[in-house]
Amino acid sequence: MTGRAMKQNFELSRRRLLSAGTALSALTLAGCATSSSTGPSIGRVVIVGGGFGGATAAHYLKMWGGNIDVTLVERSAAFVSCPISNLVLGGHKQMADITRSYRGLQALGVKLVQGEVTAVDAGAKKVRLANGSELPYDRLILSPGVDFMLDSTAGLAAALDSGRVLHGWKAGPQTMALRQQLQAMPDGGVFAMSIPKVPYRCPPGPYERACMVASYFKQHKPRSKVLVLDANPEVQSKKALFEKAFKDHYSGLLEYRPNNELKEVVVGTSGQLAAKLEFDDLKVDVLNVIPPQRGGDIARSAGLLNMNSRWVGVNWLTMESTAAPGIHVLGDATFSAPAMPKSGHMANQHAKVAAAAIIDMLQGKPVNATPVVMNTCYSFVTASDVVHVASVHQYDSVDKTFKAVPGSGGVSAAASAVEGRYALSWADNIWADTLAL
Amino acid sequence: MPRFPRALRAAALAAPAASAALGALGALGAFTTRAAAAAATALTLAAPCALAQDANLGRNLAATCANCHGTGGQSRGEVKSLAGLPAESIVAAFNAYKAGTLPATVMHQIAKGYSDEQVKLIAGYLAAQQPKK
């Protein structure tokens with residue numbers, strides 16, 4: 001719809017509403033109307049990062065807040081989903097299946113700026129972009145995701161820069177390139193994956209990836225091997241379910257090694273790869289390193305990584321940074337509440353808490369004192385069978401944090417194809433809910 | 001269902017529809033004058049702002065369901081749409097999940113995370129959403 005057509009349609013709808021006459025004016029007089037799309041803007045919100053957190057915030061600010069100026073700054077031209085991206089690595093889905101447009105948000109009136117924010121001026125309330133332009137704001141949302149801590153693993157930064165080693169932990173070109181390396185690997189080759197110590201983005205993600213790569217090898221390169229090098233002492237999510245999948249489906253093909261922290265990456269002159277561990281030196285054909293993580297670069301340069309110099313502490317009622325009130329931070333970059341996972345689902349839920357709070361704040365109202373967030377995370381263990389972990393987190397006003405509700409949540413009884421279908425349904429719904437599709 | 005007086009109960013169900021329709025461009029086209037009048041009248045009868053606060057609480061709580069059941073309860077996948085279902089049936093399903101009498105893959109675990117009062121608010125909000133064709 002063009003802007004003019006939308007305006008006409010809107011005016012028509014507004015007249016129809018107004019023709020309800022006294023009823024509607026009574027509503028206005030009561031002073032309880034939550035919002036209206038008409039009238040002047042009540043505030044400018046700039047959102048940095050169009051992943052699950054930032055895009056959901058844009059959607060819900062427009063849907064719930066109406067006349068708020070919302071600008072979303074995102075580096076990429078399209079949204080590429082990390083969830084389901086492991087299926088692309090396994091050859092069960094294509095990039096197009098996990099790529100979605102930002103047009104739904106634009107149709108709601110969100111101003112989309114493709115670019116990169118390089119600096120936040122919290123005093124002057126504006127952000128600066130790489131192209132030199134500036135965006136002023138009344139409230140700022142950063143949904144920066146994670147960036148990597150490469151210094152503790154010798155040779156890793158250079159190996160990633162050269163593209164010989166891939167992380168595949170931000171969906172997009174990395175996903176495609178890793179898929180191509182797997183396809184190019186000869187049968188009989190070794191694929192090694194390194195998992196960092198917790199906390200990292202998407203706790204079950206590495207184990208799902210191991211299953212998906214193994215499912216590809218099982219069908220197409222049965223003499224090959226998946227080597228899972230986990231810096232942690234055990235599988236970090238859905239442990240029994242993943243261990244059962246490793247045994248039932250990928251026995252002899254997938255080897256899981258706990259307490260195996262990657263110390264060094266060596267790329268030989270002709271591209272041959274070695275992964276050095278504390279007591280071992282492994283020759284591998286494809287090396288996928290999921291590096292240790294921290295809150296995204298823009299959160300760091302804005303001085304917001306005030307928890308262990310890695311994560312952003314937030315006020316959970318508003319999602320504002322405890323280092324810089326007025327700047328709301330969403331998703332993986334936050335210092336997680338107890339038992340709260342770093343997931344796209346959770347970032348989407350953070351965004352709704354922030355959107356509700358920002359609208360209340362711009363309207364001079366108290367914010368919701370009893371927010372709730374929840375998480376459901378599906379992992380594919382085969383091309384069709386899926387396991388979940390779910391949790392519900394209620395705000396605790398005494399300890400000022402979200403707490404998982406005792407007795408709630410849990411994991412699948414067993415992997416199933418029914419949950420496989422629910423997982424794909426979940427993806428369609430969360431993508432639509434995030435991007436206003 | 002909440003044991004509210006009838007007018008209050010109607011308002012609790014209708015108020016979110018009014019605010020959602022006012023807030024969302026997309027919903028305006030489908031929103032009928034009659035529905036607007038009904039919603040606004042109900043809100044006027046109920047009057048106090050405390051109720052509007054409650055309306056946002058239902059809206060906020062129901063938004064936690066959207067990742068699986070779709071925005072406003074309008075699912076586009078195999079997982080069930082909840083928009084426009086009778087509030088009583090949503091509450092009954094929640095209670096059955098909590099009690100373990102309704103088989104589920106995940107909802108029996110999720111339902112236990114919400115209080116009875118929260119379930120009523122969620123059900124009221126979702127019941128007031130217009131199901132799409």
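The values are calculated or read from the model by the stated rules, or taken from the named source; none is laboratory data. Here the structure is a predicted model, which means the values were calculated and not measured. All Cβ positions, glycine included, derive from the backbone under ideal geometry; neighbour counts span all protein chains shown.
Below is a table of values for the structure above.
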item: Every residue from the range B:114-128 that is of a type outside the set (Gly, Ala, Ser) and in a helix (DSSP H, G or I); result: B:Asp116, B:Glu117, B:Gln118, B:Val119, B:Lys120, B:Leu121, B:Ile122, B:Tyr125, B:Leu126
item: Flag if A:Arg300 is basic (Lys, Arg) and part of a loop (DSSP other than H, G, I, E, B); result: no
item: Qualifying positions in the range A:55-73 - touching a helix residue (DSSP H, G or I) at 6+ places or on another chain (Cβ under 7 Å) and not hydrophobic (A, V, I, L, M, F, W, C); result: A:Thr56, A:His59, A:Tyr60, A:Gly65, A:Gly66
item: Residue match in the range B:124-132 (condition: closer than 16 Å to A:Val392 by Cα, touching a residue at least 12 places away in the same chain (Cβ under 8 Å) and not aromatic (Phe, Trp, Tyr)); result: no
item: Which numbered condition A:Asp121 fails, given (1) more than 14 Å from every other protein chain (Cβ to nearest Cβ); (2) under 30 Å from A:Thr382 (Cβ atoms); result: (2)
item: Residues that are crowded, with 22+ Cβ neighbours inside 10 Å and more than 16 Å from A:Ala157 (Cα to Cα), drawn from the range A:287-304; result: A:Gly295, A:Gly296, A:Ile298, A:Ala299, A:Ala302, A:Leu304
item: Qualifying positions in the range A:358-377 - crowded, with 24+ Cβ neighbours inside 10 Å and either without any contact (Cβ under 8 Å) to a residue 12 or more places away in the chain or assigned to a helix (DSSP H, G or I) (or both); result: A:Ile358, A:Ile359
item: Among the residues listed as A:Ala158, A:Ala96, A:Ala154, A:Ala55, the single one being within 24 Å of A:Thr175 (Cα to Cα) and within 14 Å of chain B (Cβ to nearest Cβ); result: A:Ala55
item: Qualifying residue in the range A:342-352 (condition: without any contact (Cβ under 8 Å) to a residue 12 or more places away in the chain and not in a loop (DSSP other than H, G, I, E, B)); result: no
item: Candidate set from the range B:83-131 (those that are within 13 Å of B:Gly73 (Cα to Cα) and surrounded by fewer than 16 Cβ atoms within 10 Å (Cβ to Cβ)); member that is farthest from the other protein chains (Cβ to nearest Cβ); result: B:Pro86
item: Qualifying residue in the range A:332-353 (condition: farther than 27 Å from A:Val418 by Cα, more than 13 Å from chain B (Cβ to nearest Cβ) and among the hydroxyl-bearing types (Ser, Thr, Tyr)); result: yes
item: Hits in the range A:378-392 - residues which are in a strand (DSSP E or B) and either more than 21 Å from the chain's Cα centre (by Cα) or more than 8 Å from chain B (Cβ to nearest Cβ) (or both); result: A:Tyr378, A:Ser379, A:Phe380, A:Val386, A:Val387, A:Val389
item: Cβ-Cβ under 7 Å pairs, at least 6 apart or on other chains, the range A:256-281 side surrounded by fewer than 14 Cβ atoms within 10 Å (Cβ to Cβ), far side at pLDDT 95 or above and part of a loop (DSSP other than H, G, I, E, B); result: A:Pro258/A:Asn232; A:Pro258/A:Pro233; A:Pro258/A:Glu234; A:Asn259/A:Pro233; A:Gly271/A:Arg164; A:Glu278/A:Glu261; A:Glu278/A:Lys263
item: Residues (in contact with a His (Cβ under 6 Å, 6 or more places away or on another chain) and part of a loop (DSSP other than H, G, I, E, B)) located in the range A:318-338; result: A:Met319, A:Leu330
item: Check on A:Val226, within 24 Å of A:Thr376 (Cβ to Cβ) and in contact with a helix residue (DSSP H, G or I) (Cβ under 9 Å, 6 or more places away or on another chain); result: no
item: Search result, residues across the range A:393-412 that are facing another protein chain (nearest Cβ under 8 Å) and part of a loop (DSSP other than H, G, I, E, B); result: A:Val405, A:Gly407, A:Ser408, A:Gly409, A:Ser412
item: Within the range A:1-120, helices (runs of 4 or more DSSP H) holding 1 or more residues that are at pLDDT 95 or above, in contact with a Phe, Trp or Tyr (Cβ under 9 Å, 6 or more places away or on another chain) and surrounded by 17 or more Cβ atoms within 10 Å (Cβ to Cβ); result: A:52-65, A:85-89
item: Only one of A:Leu424, A:Leu437 that is in a loop (DSSP other than H, G, I, E, B) and either aliphatic (A, V, I, L, M) or within 11 Å of chain B (Cβ to nearest Cβ) (or both); result: A:Leu437
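Here is a yes/no grid of residues against (1) out of contact with any Lys or Arg (no Cβ under 7 Å at 6 or more places or on another chain); (2) not charged (D, E, K, R):
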{"site": "A:Glu208", "(1), (2)": "yes, no"}
{"site": "A:Arg223", "(1), (2)": "yes, no"}
{"site": "A:Val266", "(1), (2)": "no, yes"}
{"site": "A:Lys276", "(1), (2)": "no, no"}
